[in-house]
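Inspection log for the structure reproduced underneath, given as structure tokens.
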Amino acid sequence: MDERAARAFFSAAYVSTTPAVGTWLKTARQNDCAIDDKAKPDLFLEIVIVIFLFQERGRARHCYRLSIIYILLFQKIFKAGIIAYDFQELQNSMTDAAPKEDLQKTVERQEMVIAKLSQTLETIQSRTRKILTSLPLGLLVLNDEMKIEAANSRIEQIFAYTPRELAGQPIKFLFPEIESVEVDSALKRTPGKVKSQDYIACEIFANDFEDDGIKRIFLHVQDVTEKQRLEQLRRDFVQMVSHDLRTPLTSINMLLSMLGQNRFGKLEENGYTAIKRAQSNADYLIKLVSDLLDAEKLESGDLEIELQATSVGTIIRKVIDATQDASRAQNVKVVTEIQEGGLIADEDRLVQVLINLVSNAVKYSEAGSEVLIKGIASQEITQFSVIDHGPGIPENQREAIFQRYKQLSQPKNLKKRGFGLGLAICKSLIDAHKGKIWLESEVGKGSTFSFAIPKLKV
């Protein structure tokens, strides 16, 4: 082995290494000591690590301590074996006592590899810095004592504190109601205190990562003050609709019904026609108000499920009674297929779901056709299905059909009014029963809406 060449290589690395490593190299050169073959791979690896880390240490201190990510990325590069492979090749060349020219070429090749890796690492660090600073979310790095170690620029925009001012502060400094943070993907809403001592509404969620065996927490922060204000406006609007529209509409509907029953004298034929049209519009508005209230309750979690003993037949018979007028008006026959059995559920809510499904089926069915309601009770689940022979639903529209305020595109001759809430409410009610609802459809042949709920115990 040409030890003099090896020492020359080490001396070339001396400029970029730490003083401790440099001192070691000087001592080795002065004492003309041999280098233990077993130590070579580790020594080469240590020198390269030191070179990279200390070349970048000046910049890392000014990146809000984002060197944690930098080091993790660097470790992954080493684990991939990029450096280890090339330095093993150099070791083999030295072991085989290669000529001085070959060793020089190997050294030059390693310098090229190091330069390329340095450039790649700089690019990765730059991209990471851009991603973290451009994210619309605020990011905090917490240690195991729940103290802030780093923050991105979005945190400064939200709270008006610089990362330097936040460093070392407990999490309670920004979120007075929080002592510690648990790693959880669920969003949590909590008040945050800004530099002016005002409070804002924040949504946070946390995930953890490890750095050299030390656990840290990434806390993602979003200012939702404006979102909360809009949510309150929506709730106020729904309450206004409930109190200021529902009661008058009910009164109008009752008056129209009394007029149709000749309570205030007999009307002409066209008068009865006008009353029926007005009643239909009043019923539609009343249902719309009810759907809005149900949607608000479902979103806020205020809608309760009242479990009770009922049966498949009882539920279907109530649905038939509630939809027979609409089916007669459309000249659509509603038939049933019942496999009797008991279940524990909120009977009124299941009736509400089926009424919605049957009403839709009748609305989109041709005159003279049939709509089938099936109810099957088994040991594990109870399943209901509503089968029609209408136009069917295209496959590209089926995913959106259970979303709120979503209405499907309809042919002009089948254009039906609606608000896009009915099926979304049906899905929420079935979800509340820990069940599932789904659709099977074929364009031109009809659709089948089904839902199943498990056997529940009171």
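The values are calculated or read from the model by the stated rules, or taken from the named source; none is laboratory data. Values in this document were obtained by computation on a predicted structure and should not be read as measured data. With ideal geometry, Cβ positions are generated from the backbone for all residues, glycine too; neighbour counts draw on all protein chains shown. Note: areas computed on protein heavy atoms with side chains; ligands, DNA, RNA excluded. Shrake-Rupley method; radii C 1.70, N 1.55, O 1.52, S 1.80 Å.
Tabulated results
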read-out	value
Summed residue charge, Cβ within 14 Å of Val238's Cβ, Lys/Arg positive, Asp/Glu negative	-3
Cα lying deepest toward the dipole's positive end in segment 226-385, options Leu303, Phe237, Ile376, charges on Cβ	Phe237
GluC sites (Glu not before Pro) restricted to DSSP loop in segment 358-408 with at most 16 other C-beta within 10 Å	Glu366, Glu380, Glu399
Amide H partners (placed H, <5 Å) of Val332, local residues excluded	Gly368
Accessible-area order (highest first, 1.4 angstrom probe) of the listed residues Met112, Met240	Met112, Met240
Segment Ser153-Lys276, length gained on full extension (0.36 nm per residue, minus Cα span)	38.0 nm
Computed accessible area, Tyr284, all protein chains, 1.4 angstrom probe, square angstrom	70
In range of the label at Glu337: residues from segment 361-390 whose backbone nitrogen is under 18 Å from the point 7 Å along Cα→Cβ	361-362, 369-378, 382-390
Label-point separation, Lys455 to Gln379 (7 Å along Cα→Cβ), nm	0.7
Ellipsoid equivalent to segment 108-245 - semi-axes via the Cα gyration tensor, in Å	39, 19, 14
Accessible area in square angstrom per residue, segment 115-251, 1.4 angstrom probe	58
Relative contact order, percent, segment 256-363 [alpha-carbon distance under 8 Å, six or more residues apart]	27
Zone of Ser251's modelled label, taken as backbone nitrogen in segment 284-300 under 19 Å from a point 7 Å along Cα→Cβ	284-287, 289-290
Ranking by accessible area, most exposed first, for Ile214, Ile401 with a 1.4 Å probe	Ile214, Ile401
Among the listed pairs Lys193/Lys215; Lys193/Lys434; Lys276/Lys434, those beyond 29 Å (Cα-Cα)	Lys193/Lys434; Lys276/Lys434
With all protein chains modelled, accessible area of His389 [1.4 Å, Å²]	110
Distance in nm between pseudo-label sites at His243 and Phe209 (7 Å out along the Cβ direction from Cα)	5.0
Of Lys287/Lys427; Lys266/Lys363; Lys333/Lys455, those spanning more than 22 Å from alpha-carbon to alpha-carbon	Lys266/Lys363; Lys333/Lys455
